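J.: I'd like to ask you about the structure that follows.
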Amino acid sequence: MADPIILHPDTEFIRDVTRGGGADMKKCFQCATCSSTCGLSTENRPFPRKQIVEAQWGMTDRLIGDPAIWLCHNCGDCTTRCPRGAHPAETLSAIRCAVIRRLAFPRFMGGVFAIPESAVAMLAFSAILLLSIALLPAPSPGSSPLVFAQMFPKTRLEPFFFAVSGWVVLALTVGAVRFAGALRRGGAEGPILSNLVPALMEIVSHRRFAECGAQQGRRWGHLLVFSAFVGLAAMGTTVGIGSMLGLMDTPIPFLNPLKLFANLCALVLVTGAAVLVWNRLKDRQARAGAVFSDWFLLILIGGAGLTGLLSEALRLTQLRAAMFFIYYTHLTLVLTLFLGAPYSKFVHFLYRTMAMAATRQESSSSGWPITRRRQSPATS
Ligand code: SF4
Ligand code: SF4
């Protein structure tokens, strides 16, 4: 006879999932339609039915160490088919948010984007930090072209952003170490990161998003935002390091290939955010499932891209009255995104990559397929 399982329900976890979009999870009567509908659920790591039951019972440790919650791409197919209206896709999304909170470093920051009060406080904190390094009052109108460095001197802004980067990398590293420990306790064996490269390749291609049936538009919005962020992060790091080492001079001329590339990335970012917003607005199910943190993040992303492009336009046209305000808003949005990265949906990239690598490792040692074997039309 199997050993009995003694449950110690984590009521705080249940509360977090309920508030984060999983309010209907108690309607689930475990028919498993969702798991059989999901094109990404596998035989050895089935989801989402199992995780919904565990969330109902507040089995936090099991969920934190379960890579399957990160294999879901939130396509909504399972919610469309659920006969009880239990919203399995939204519940799994809420479970991921609750897990991010528990892996966060420092822990009290985990829910910073979850409610309007703390999200606005984070914005205000970023705004105050940036104001403290600005040259105030802003330069008065003069004959020479006004550049942003006259408002936020490079000697302050660059070290400031490098210090913030260091902090973000530390928070992400602690989160990754905690997650690796949880995966081990959840049964992961072998070198988790040995399959990192194929997992990254799969994420970059967004191949699994193509499996979605209900919300195909999400794939393109997600792909645009993801590509733009990779481009902007590479550009920002290159220019930042180049400028600090004295190898590059800023502001970079508008027709410089690096500047053109950055502006193209900003345009792609705004387009991607617009596609994601449109996708949510036009789809009743996606609209109903979106929580505050989803909208807040989309506004931050779209706003950062838009104010970045506007700042460029204002620099070219020298509309001095608006330059400081728009650039300051841009920096505030970028800093909030940056500081919030370890606690927002951005951190999906880290945990999903690790989960996919761990699942590949598990598959190569056990022989289980990493994706569901699809039946051919002739046999289905
Ligand atoms: S969430 Fe819906 S589809 Fe999935 S097991 Fe529960 S009732 Fe069935
Ligand atoms: S939302 Fe999509 S990927 Fe996630 S469990 Fe449901 S069907 Fe699977």
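J.: So which residues in the stretch 12-39 are surrounded by fewer than 22 Cβ atoms within 10 Å (Cβ to Cβ) and more than 16 Å from ligand 2 (Cβ to nearest atom)?
T.: Result: GLU12, ILE14, ARG15, THR18, ARG19, ALA23, LYS26, PHE29.
J.: Could you list, in sequence order, the residues of the stretch 40-55 that are more than 7 Å from ligand 2 (Cβ to nearest atom) and of a type outside the set (S, T, N, Q)?
T.: GLU43, ARG45, PRO46, ARG49, LYS50, ILE52, VAL53, GLU54, ALA55
J.: Mind checking which pairs have a first residue in the stretch 67-85 that is polar (S, T, N, Q) and a second that is away from ligand 1 (no atom under 13 Å from the Cβ) and in a loop (DSSP other than H, G, I, E, B), Cβ under 9 Å, 6 or more apart or different chains?
T.: ASN74/CYS212; ASN74/GLN215; THR79/ALA214; THR80/GLY213; THR80/ALA214
J.: How do the helices (runs of 4 or more DSSP H) wholly within the stretch 78-186 filter down when requiring 2 or more residues that are polar (S, T, N, Q) and within 16 Å of ligand 1 (Cβ to nearest atom): which remain?
T.: Qualifying helices (runs of 4 or more DSSP H): 88-103.
J.: Of everything in the stretch 310-320, what is surrounded by fewer than 18 Cβ atoms within 10 Å (Cβ to Cβ) and either in contact (Cβ under 8 Å) with a residue 24 or more places away in the chain or among the polar types (S, T, N, Q) (or both)? Give them in sequence order.
T.: Going residue by residue through the stretch 310-320, those that are surrounded by fewer than 18 Cβ atoms within 10 Å (Cβ to Cβ) are 313, 316-320.
LEU316, THR317, GLN318, ARG320, listed by residue number.
J.: Looking at the stretch 290-303 only, could you name the residues that are in a helix (DSSP H, G or I), aliphatic (A, V, I, L, M) and surrounded by fewer than 19 Cβ atoms within 10 Å (Cβ to Cβ)?
T.: Let us first name the residues in the stretch 290-303 that are in a helix (DSSP H, G or I), namely 292-303.
Still in the list and also aliphatic (A, V, I, L, M): 297-301.
Scanning the stretch 290-303 gives a single hit, ILE299.
J.: Right, another one. Could you list all residues from the stretch 275-289 that are surrounded by 17 or more Cβ atoms within 10 Å (Cβ to Cβ) and in contact with a helix residue (DSSP H, G or I) (Cβ under 7 Å, 6 or more places away or on another chain)? Steps first, please.
T.: Of the residues in the stretch 275-289, the ones surrounded by 17 or more Cβ atoms within 10 Å (Cβ to Cβ) are 275-277, 279-280, 283, 286, 289.
Listed by number, the residues that qualify are VAL275, LEU276, VAL277, ASN279, ARG280, ALA286, GLY289.
J.: Here is a further query. Look at the stretch 196-234 and say how many of its residues are outside any helix (DSSP H, G or I) and either more than 24 Å from CYS38 (Cα to Cα) or at pLDDT 90 or above (or both).
T.: Initially, the stretch 196-234 is screened for residues outside any helix (DSSP H, G or I), giving 206, 212-216.
Imposing the further condition that a residue be either more than 24 Å from CYS38 (Cα to Cα) or at pLDDT 90 or above (or both) reduces the set to none.
Residues meeting the conditions: 0.
J.: Checking the condition touching a residue at least 24 places away in the same chain (Cβ under 8 Å) and either buried (at least 17 other Cβ atoms within 10 Å of the Cβ) or not assigned by TED's automatic domain parsing to the domain that holds SER165 (or both), which residue from VAL239, VAL225 passes? Working first, answer last.
T.: Working: VAL239 fails: touching a residue at least 24 places away in the same chain (Cβ under 8 Å).
Of VAL239, VAL225, the one residue that is touching a residue at least 24 places away in the same chain (Cβ under 8 Å) and either buried (at least 17 other Cβ atoms within 10 Å of the Cβ) or not assigned by TED's automatic domain parsing to the domain that holds SER165 (or both) is VAL225.
The values are calculated or read from the model by the stated rules, or taken from the named source; none is laboratory data. In this text, all values refer to a predicted model and were calculated from it rather than measured experimentally. Note: ideal-geometry Cβ built from the backbone for every residue, glycine included; neighbour counts use all protein chains shown.
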